[in-house]
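The block underneath contains the structure these notes are about, expressed in structure tokens.
Here, each number is a calculation from the coordinates, and none is a lab measurement. What you are looking at is a predicted structure, and each value in this text was computed from that prediction instead of being measured. Positions of Cβ are backbone-derived with ideal geometry, glycine not excepted, and every protein chain shown enters the neighbour counts.
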Amino acid sequence: MIKLAKTAGFCFGVDRAVNLVYELVNKGEKVCTLGPIIHNAQLVNDLKSKGVLIIDDVDECPEGYKVVVRTHGVEKSVIDKIQMSGKDYVNATCPFVTKIHTILKKQPENVPVLIAGDINHPEVLGIRSYCNAPSYVFKNEEELLEIIKNNNFDEKSDLVCVSQTTFSLNEWKKCEKIIKRVCTNCKIFDTICNATSDRQEEAEKISKVSDAMIVIGGRHSSNTCKLREVSAANCPAFLIETADELKNIDLSSYEVIGVTAGASTPSVIIKEVLKSMSEEIKEKEVETASAVTEEVVETADNANKASEPAVKASADSEASFAELLEDYIIENENSKVVKGIVSSITPNEVYVDVPGKKQTGVVTLEDLTTEPVSKCEDVVKVGDELQLVIMKTDDQCGVLKLSKRLFDAVKGWDDIVAAKEADEVLEGTVTNIVRGGVLVSAKGTRVFIPASLTGVPRNQELDVLKGTTVKFKIIEINPQRRRATGSIKVVAMAEKKAQQEETWAKLEEGMKITGTVKSLTSYGAFVDIGGVDGMIHISELSWSRIKHPSEVVNVGDVVEVTIKSLDRENRKISLGFKKIEDNPWEILKRDYPVGTVCEAKIVGLSAFGAFANVIPGIDGLIHISQISWDRIKTPADVLNVGDTVQVKIIDVDYDKKRVSLSMKELLEKPEEVIEDLADDAADAE
Ligand code: F3S
């Protein structure tokens, strides 16, 4: 007859670490582990075949690889070194080991630490590195007494005592008695992991009623060796790594055979061992053995499934999450909601103390929030009180798997329904681009926004919304399926309308306002002046004559305009752009009074004169009679378009906007020259 321990197989910490590595490998990451991830050659070989490297030092980590720190944890200096190297790393240290590090970090300096454990075990090496004072490791009563004697520890000594997570429970009880008797001032922390103690207690119980024990697990695995030790105290105990090794053991003389397995033993190996054993003892107890085997194989499966949550809230789509959530609520009603206080945080997990529960609460990043965050610290901090849903209680490992995300989703659904009824505007983050639209995370739940209601133009990718915060309204809900559909567009349109009303209310003719050029046409420029568009006619863009608005403004330009006229009924706004101070007639009046001599450029010729540009926007006329003292038939005889000539402003008619120019007045008069010559001759006589 075979008796399989219920606790056989992966513990919480190993399951977590193994899953972490497989998840990375499946994502296509290159991974190396600092030492074997667990003490199980078969699983380690499988990982090797998938390209996972085992290194002893971070210096050996090749470029582009992620370093995984295994369940035992490592010395503080190793973590420091990894961080200094800039390597990407994943800390798979079991939370129960991390808890010991945290306890020791908080202890005062100069308080020696007693550690129950194996002095050479990597977990103990790691634990020692977090001590603020000298540490002493003992593996049994004798070694403990020796330490106490050599260091003169007594009832006055300030001391701290912790244990390796996999330390023998029996040995711990004996050592604890000594410490309590001799060193009464010692703060004792029982840090043996529940998974270990439960496993050892069960191994002890089974071995007491069995004729022999088979312990399955790695020979280097500390907890497997402890199981063998505990079992061997009551009956012959055989440690095997695989089913193959059974052939070296003669089981024929044993009536009842107990089976247990270490925390790092995969279920597949336990199954193989049970299968081989059942075949071997079939002839004697065919019925019983096969019945037990069926049962125990199932139990072995369950052991490794222990860490799977009842509801896996890793919704890749709104539909799957909503359905799972619905099932969960129906099955669990309200009985599973608890309060938890955050006690520590890692990038991927939050640990919480749940009042009234002896188990450690764990919330993974996936179960923390629907928001697209990369680490737990972005969502909670130590000391926060959280409302959580219990997903799974794992008494074997002393772990409560909790979900904040699920609680938020349940509570958030009520808020979503209320928001729909109140026509409330909600805010959320676009987390996923899905077929036909986007998913927005809000109120702890996800809302689907169809592409046509996102406000993103058809020719643009929805990706532009990913990670952005958007405002939306719920436009439809399906209470049965707990699905909500929203619209960003409806909010954007309402906001635009409100802004337009506000703008119209404050607009007045003559007021100056800043706007942005939205588009150009051949007859003018359209300017957004706060949700409403006005038009600058081409003639209003410049004092000079222009052929196209683009000679003055471009789309996107921020311009200051004047409201020339408002047609509130037809919602039309005429804008002015030219500035009075730039009016060339004003410039002329100020800087070019009659009599001014200046340069001008010939811009046109006619039979009666030449047109010359005096300043930008003003052309004056040089009448043919004002070109020269000589008689000329036509201005083209002496002038060409493009010539620059000296002119004198001889008259300005501001009403008719006419400027008269003369070139002749700047030239000497021929009669005067003649008179001068005559005068000179007369003087000489
Ligand atoms: Fe962690 Fe306990 Fe397993 S310490 S690795 S859960 S045996």
Task: Residues 181, 70, sorted so that the one with the fewest Cβ neighbours within 10 Å comes first - done: 181, 70
Task: Under Karplus coefficients 6.51, -1.76 and 1.60, residue-wise ³J(HN,Hα) of the range 577-585 in Hz, glycine/proline x - done: 10, 5, 9, 3, 5, 8, 4, x, 5
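For a quick protection proxy, order the peptides 424-430, 273-279, 61-67, 563-569 by their average other-Cβ count within 10 Å, most packed first.
Details: 424-430: 17.4, 273-279: 19.7, 61-67: 14.6, 563-569: 12.7.
For the peptides 424-430, 273-279, 61-67, 563-569, the packing ranking is 273-279, 424-430, 61-67, 563-569.
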Task: Simple spin-label estimate for residue 558 and residue 88 in nanometres, 7 Å along Cα-Cβ - done: 4.0 nm
- [ ] Order by neighbour count: 667, 144, 462, fewest other Cβ atoms within 10 Å first, most last.
- [x] 667, 462, 144
Task: Ordering of 621-628, 102-109 by burial proxy (mean other Cβ atoms within 10 Å per residue, highest first) - done: 621-628, 102-109
TODO: Return the sequence-ordered ³J(HN,Hα) values of the range 131-144 in whole Hz as given by the Karplus equation 6.51 cos²θ - 1.76 cosθ + 1.60 applied to θ = phi - 60°, using x for Gly and Pro.
DONE: 7, 8, 8, x, 10, 10, 10, 10, 10, 7, 4, 4, 5, 5
TODO: Please order 128, 658 by the number of other Cβ within 10 Å, starting at the fewest.
DONE: 658, 128
TODO: Of all alpha-carbon pairs in the range 589-670, indicate the percentage at a distance above 21 angstrom.
DONE: 20 percent
TODO: Just the number, please: Stokes-Einstein D of the range 469-604 in µm²/s, Kirkwood Rh from C-alpha pairs, 25 °C, 0.890 mPa s.
DONE: 133 µm²/s
TODO: Rounding to the nearest 20 debye, state how big the charge dipole of the range 1-110 is about its Cα centre with +1 on each Lys and Arg Cβ and -1 on each Asp and Glu Cβ.
DONE: 540 debye
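So if we plug the beta-carbon distance of residue 132 and residue 651 into 1/(1 + (r/R0)^6) with R0 = 60 Å, what FRET efficiency do we get, rounded to 0.05?
Numbers: r = 100 Å, r/R0 = 1.67.
After rounding to 0.05, the efficiency reads 0.05.
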Open item on the list: Averaging the inverse of every distinct alpha carbon separation and then flipping it gives the Kirkwood radius. What is it for the range 531-670, in angstrom units?
Closed with: 17.4 Å
Open item on the list: Quick check: residue separation of residue 106 and residue 48 times 0.36 nm, minus the Cα distance between them. What number comes out in nm?
Closed with: 17.0 nm
Task: Listed residue pairs exceeding 20 Å between alpha carbons, taken from 358/392; 205/226; 139/205; 81/375 - done: 139/205; 81/375
- [ ] Towards the positive end of the charge dipole of the chain, with charges on Cβ (+1 Lys, Arg; -1 Asp, Glu), say which of 434, 175, 550 has the farthest Cα.
- [x] 175
TODO: With both partners inside the chain, how many of the DSSP beta bridges are antiparallel, as a percent to the nearest 5?
DONE: 65 percent
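Beyond 12 Å, what share of the Cα-Cα pairs of the range 556-602 is found? Please give it as a whole percent.
Numbers: 808 of 1081 pairs.
Counting every Cα pair in the range 556-602, those more than 12 Å apart make up 75 percent.
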- [ ] Estimate the FRET efficiency between residue 1 and residue 174 by the formula 1/(1 + (r/R0)^6), using the beta-carbon distance for r and 51 Å for R0, to the nearest 0.05.
- [x] 0.95
- [ ] Could you check the simple spin-label distance between residue 548 and residue 506, using points 7 Å along Cα→Cβ, in nm with one decimal?
- [x] 3.5 nm
Task: Ratio Rg/Rh, restricted to the range 331-487 and using Cα atoms, in which Rh is the Kirkwood radius - done: 1.03
Task: Nitroxide proxy distance, nm - points 7 Å out along Cα→Cβ at residue 242 and residue 634 - done: 11.2 nm
Open item on the list: Per residue of the range 599-604, what does 6.51 cos²θ - 1.76 cosθ + 1.60 with θ = phi - 60° give for ³J(HN,Hα)? Whole Hz please, x for Gly and Pro, Karplus curve as stated.
Closed with: 8, 9, 9, 5, 10, x
Task: 18 Å tail of the calculated P(r), the range 421-537, as % of Cα pairs - done: 60 percent
Task: Amide proton proximity set for residue 239, modelled H, under 5 Å, gap of 5+ - done: 215
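Over all distinct Cα pairs, what is the inverse of the mean 1/r for the chain, reported as the Kirkwood hydrodynamic radius in Å?
Numbers: mean 1/r = 0.0298 Å⁻¹.
Taking the inverse mean of 1/r over all distinct Cα pairs, the chain comes out at 33.6 Å.
Work out the FRET efficiency for residue 378 and residue 219 from their Cβ-Cβ distance, taking R0 = 25 Å, and round it to the nearest 0.05.
Using R0 = 25 Å, I get an efficiency of 0.05.
Cβ neighbours within 10 Å, averaged per peptide: list 360-372, 160-172, 643-655 in order, most packed at the top. Write out the running numbers ahead of the final one.
Values: 360-372: 20.8, 160-172: 24.6, 643-655: 15.2.
Peptide ranking by packing, descending: 160-172, 360-372, 643-655.
Counting helices only, and only those DSSP H runs with n ≥ 4, report the 222 nm mean residue ellipticity of the chain as the sum of -39,500 (n - 2.57) divided by its residues, in deg cm²/dmol to the nearest 500. Before the final figure, lay out each step's value.
Working: 16 runs with 220 residues, N = 685.
After summing the helix terms and dividing by residue count, I get -10500 deg cm²/dmol.
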- [ ] Compute the length gained on full extension between residue 233 and residue 353: take 0.36 nm times their separation in residues and subtract their Cα-Cα distance, giving the result in nm to one decimal.
- [x] 39.5 nm
- [ ] Calculate, in nm to one decimal, what residue 201 and residue 565 gain on full extension: separation in residues at 0.36 nm each, minus their alpha carbon distance.
- [x] 121.9 nm
- [ ] Scan around residue 519 for amide H atoms under 5 Å from its own, H built in the peptide plane at 1.01 Å from N, and keep only partners 5 or more places away or cross-chain.
- [x] 526
